[in-house]
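Visitor: I'd like to ask you about the structure that follows.
Derivation of every value follows stated rules applied to the coordinates shown; laboratory data play no part. Quantities reported herein were computed from a predicted structural model and do not represent experimental measurements. Every residue, glycine as well, gets a Cβ built from its backbone with ideal geometry; the counts of neighbours run over all protein chains shown.
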Amino acid sequence: MTTLNLKLMYTLFAAIFCAFAFTIPKPVHFDKMEHNFGIITQGIPQTAVFTLTNESDQAIILKNVKGSCGCTATSYTSETILSGESTEIEATFNAKAMGAFRKTVSVYTNAQEEAFVLTITGTVAEAK
């Protein structure tokens, strides 16, 4: 094969791969991937609620939901989430430190190896 034919073949393969890779549906859907608390008062924990919907044809199990630091606690179901069903994941931020924050919550399921990453943001202001 000539160099030109090989280049065309590799380009075609890459285009087909990219088109296929970006059309694979995700097994779960979140109502939002980020929650902005805005300005919150220091010392008063705040909770964000994320809704997960199982859009696959398989049952989903939440294996672990973990905050990026000790300042973020999580709450989630240990029950199996059947196809078409939804559940809530709570992330509670302990607003002890002043200033802007950006924290992540990693959601591990049986649907894929890598975690789904949710984000919470905001600014902690001094209590008056």
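Visitor: Given R₀ = 35 Å, FRET efficiency for LYS26-LYS128 by Cβ-Cβ distance, to 0.05?
Guide: 0.20
Visitor: Here is a follow-up. What shape does the stretch 29-127 have by the C-alpha gyration tensor, where a ≥ b ≥ c are the square roots of the eigenvalues, rounded means a/c under 1.5, and otherwise prolate means a/b greater than b/c and oblate the rest?
Guide: prolate
Visitor: Could I ask something else about it? Considering only lysines 8 or more places apart in sequence, or on different chains, count the pairs in the stretch 26-125 whose C-alpha atoms sit under 18 Å apart.
Guide: 4
Visitor: What net charge do the residues around ASN54 carry, taking every other residue with its C-beta under 11 Å from that of ASN54, with Lys and Arg at +1 and Asp and Glu at -1?
Guide: The answer is -2.
Visitor: Less than 9 Å Cβ to Cβ from CYS71, Lys/Arg counted +1 and Asp/Glu -1: what total charge do the surrounding residues give?
Guide: My count for the surroundings of CYS71 gives +2.
Visitor: In nanometres, what is the gap between the two model label sites at GLN42 and ALA97, each 7 Å from Cα along Cα-to-Cβ?
Guide: Once both label points are built, they end up 1.4 nm from each other.
Visitor: Right, something else. Suppose the chain between SER83 and SER68 were pulled fully straight at 0.36 nm per residue; how much longer would it get relative to their current alpha carbon spacing?
Guide: Roughly 2.5 nm would be gained on extension.
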